[in-house]
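Before any comments, here is the structure.
The values are calculated or read from the model by the stated rules, or taken from the named source; none is laboratory data. All figures in this text were calculated on a predicted structure; none of them were measured in a lab. Don't worry about glycine lacking a Cβ; one is built from the backbone with ideal geometry, like all the others, and counts go over all protein chains shown.
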Amino acid sequence: MTKLAICPGSFDPVTYGHLDIIERASKVFDHIIVAVFHNDAKTPLFNTEERMDLLKKSIAHLDNVSVDSHGGLLMDYAREKHACAVVRGLRAVSDFEYELQITSMNRKLNKDVETFFIMSNNKYSFLSSSMVKEVAKYDANVEDLVPPCVETALKQKYS
Ligand code: ADP
């Protein structure tokens, strides 16, 4: 049976921190779907199509990874896709409480899907899409933080 996992997130935009988690997860599971979700707590800079497009370009070298989007509950989506797992990245302690809350709610909603956490690479443990947007707005160099296609897209957004 194919072991399919979902990497959900806002990806507004995708960073090397996200890609590190996706790449590592792709070595453990047969297939990964990177799913763009709407997060009510965040107003996105890039629309869903743009975020998916940047993700597709950034994961093109990974054979067993695809990109999708969903507007509803993650656990409904997981059921629909027959996923066995959800993979999230964990950065500094600040991620922990939020992830704990979501994970326990998700387990209530769907007991068949296990959530796995991958510890962030030290290099990226303080990297977030919000931080990248904040500095890119002032034309700072973000080439170590995001793939080239994202760097170009940020320049266009803020030009
Ligand atoms: P969300 O709005 O769902 O938190 P994000 O796009 O911010 O979506 O994050 C998606 C996933 O990627 C989350 O599990 C988050 O913890 C993880 N993530 C984001 N940035 C990093 C990073 N620098 N290192 C490791 N994981 C990360």
1 or more residues out of contact with any helix residue (DSSP H, G or I) (no Cβ under 6 Å at 6 or more places or on another chain) and near the ligand (Cβ under 10 Å from one of its atoms): qualifying helices (runs of 4 or more DSSP H) within region 61-159: 74-81, 94-109, 129-136
Extreme residue, nearest to the ligand (Cβ to nearest atom), among residues of region 1-24 that are aliphatic (A, V, I, L, M) and touching a residue at least 24 places away in the same chain (Cβ under 8 Å): 21
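Residue by residue, here is whether (1) within 22 Å of residue 51 (Cβ to Cβ); (2) free of Cβ contacts under 8 Å to residues at least 40 places away in the same chain holds:
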| position | (1), (2) |
| --- | --- |
| 95 | yes, yes |
| 99 | yes, yes |
| 102 | yes, yes |
| 108 | no, yes |
| 119 | no, yes |
| 131 | yes, yes |
| 137 | yes, yes |
| 140 | yes, yes |
| 147 | yes, no |
Per-region count, region 45-69, residues under 14 Å from the mean Cα position of the chain (by Cα) and without any contact (Cβ under 8 Å) to a residue 60 or more places away in the chain: 12
Index of the failed condition, residue 73 passing every other in (1) touching a Leu at 6+ places or on another chain (Cβ under 9 Å); (2) farther than 16 Å from residue 39 by Cα: (2)
Boolean, residue 34 is near the ligand (Cβ under 9 Å from one of its atoms), among the hydrophobic types (A, V, I, L, M, F, W, C) and buried (at least 19 other Cβ atoms within 10 Å of the Cβ): no
Members of region 10-43 found to be modelled with pLDDT of 95 or more and either at positive phi or part of a loop (DSSP other than H, G, I, E, B) (or both), listed by number: 10, 11, 12, 13, 14, 15, 27, 28, 29, 30
Of all residues in region 70-99 being β-branched (Val, Ile, Thr) and crowded, with 19+ Cβ neighbours inside 10 Å, the one that is farthest from residue 114 (Cα to Cα): 87
